[in-house]
1. Would you rank Ser216, Ser164 by solvent-accessible area, highest first, keeping every protein chain in place and using a 1.4 Å probe?
2. Run through all the Cα pairs of segment 241-370 and give the fraction in each 5 Å bin from 0, expressed as whole percent.
3. Heavy atoms only, probe 1.4 angstrom, no DNA, RNA or ligands counted: give me Ile41, Ile33 ranked by accessible area, highest first.
4. At 1.4 Å probe size, what's the solvent-accessible area of Val337? Round to the nearest 10 Å².
5. Can you give the accessible area of Tyr93, probe radius 1.4 Å, in Å² rounded to 10?
6. Largest first, how would Met1, Met153 line up by accessible area (1.4 Å probe)?
7. Using only the Cα atoms of segment 349-407, each taken as one equal point scatterer with no solvent, compute I(q) by the Debye sum, divide by I(0), and report log10 of the ratio at q = 0.15, 0.28, 0.29 Å⁻¹.
8. Hey, what's the Kirkwood Rh for segment 1-66 if you take every pair of different alpha carbons, in angstrom?
Amino acid sequence: MERWDLLLTDARIAPMRATAEGYPTIDDGAIGIGGGTIAWIGARADLPPHEATETRRLAGRWVTPALIDCHTHLVFAGDRSGEFEARLCGASYADIAAAGGGILATVDATRAASVDELVAGARPRLAALAADGVATVEIKSGYGLDVAGEVRMLEAIRQLAAGSPLTIRPTLLALHALPVEFRENREAYLDLVCDELLPAVAESGLATAVDAFCESLAFTVPEVERVFARAQSLRLPVKLHADQLSASGGAELAARAGALSADHLEYATPAGIAALAAAGSVAVLLPGAYVTLGETRQPPVGLFREHGVPMAVASDLNPGTSPLCSLREAMALAARVFGLTPWECLAGTTCHAARALGLDHDRGSLEPGKRADLAVWDVEHPRELCYWLGRPLLAELRIGGREVSRG
């Protein structure tokens, strides 16, 4: 006799377990949950003998894994709507950065903010993601750019996580931009990151991964390789902002480093894509930044498909280039702008997003033994998740089996 805390029945289920035929669904399904994990899932007609503390009928609603936003810069201070207006008037990303705007403008505001102020500013943005069915969020640092500032950002991320039912994965992004005080001595900043910041973060457990921005206006391949080598010596996995604005060799670097993911990738080369496939890295697509920056070169989705590179989709929520507080809207953009199918968008925010965070053993699909993180939707078909624009669709969000919101 199976004994469960909760039994969900009368559900249509998209478990997001990939097969050669795609992503099979269950038309009249049930899910047994115990101890915060999925104990049983299948057709309701196949339910084994069981006892459940609570049974909830879902009236034919669709159930998917809870969504995962695997690339955000959600914690920051300040506002860059003026840059948005400048871009609409013709200024480029590089023009704005050269004039003292861009990432460094947010660095100034974030350095001046306390941990409590950073947390208070981030809470509404995190709540907006949760309202879209998101249960796991990656949040990067990168607006401190010195030891004290980066640690303060990571402490704010930790405090934000402590006050939320969502899982938050903190990432150290010290190689986001070169701070003004090191403009004449790049090597000294790299020394600081490798010799002081990375060991401090590793010892305190403040980050679960290390990221870098590899681009002509940020950091070179050799500079990133040095920091990645140090991170990996401290047992910190790596990710990379790669080939966003130019073919910088970022995809190849990410593959050589065995990165969890390479993100953006508008200018990724065929050789870089083949390398990502061989390395098993995930391509994270960020349509919010593409649209906000008015870019015209799309990531090579056809080559990702051809080489079997898994594609995740994320919001890239940040104050300058992707002020996007909705993962479902990111899915909608990925479908309309990049040409992903609805099933690719859903896989990109569930099973592939989990893999991009190194969490695919634990979540991202609905199967026995995984966390009972699931979203219940008021839709007739999962394709509606990237079809509707601005329409709330979430009926229920459960994290570890516990209901945390209901639409």
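The values are calculated or read from the model by the stated rules, or taken from the named source; none is laboratory data. None of these values were measured; they are calculated from a predicted model. Don't worry about glycine lacking a Cβ; one is built from the backbone with ideal geometry, like all the others, and counts go over all protein chains shown. We work out accessible area using only protein heavy atoms, side chains counted, and drop any ligands, DNA or RNA first. Shrake-Rupley method; radii C 1.70, N 1.55, O 1.52, S 1.80 Å.
1. Listed by decreasing accessible area, they come as Ser216, Ser164.
2. Spelled out bin by bin, segment 241-370 gives 2, 12, 22, 25, 21, 13, 4, 1, 0 percent.
3. Ile41, Ile33
4. Rounded to the nearest 10, the figure is 40 Å².
5. For Tyr93, solvent-accessible area is about 40 Å².
6. Highest to lowest solvent-accessible surface, that is Met1, Met153.
7. -0.52, -1.13, -1.14
8. One over the average 1/r among Cα pairs gives 12.1 Å for segment 1-66.
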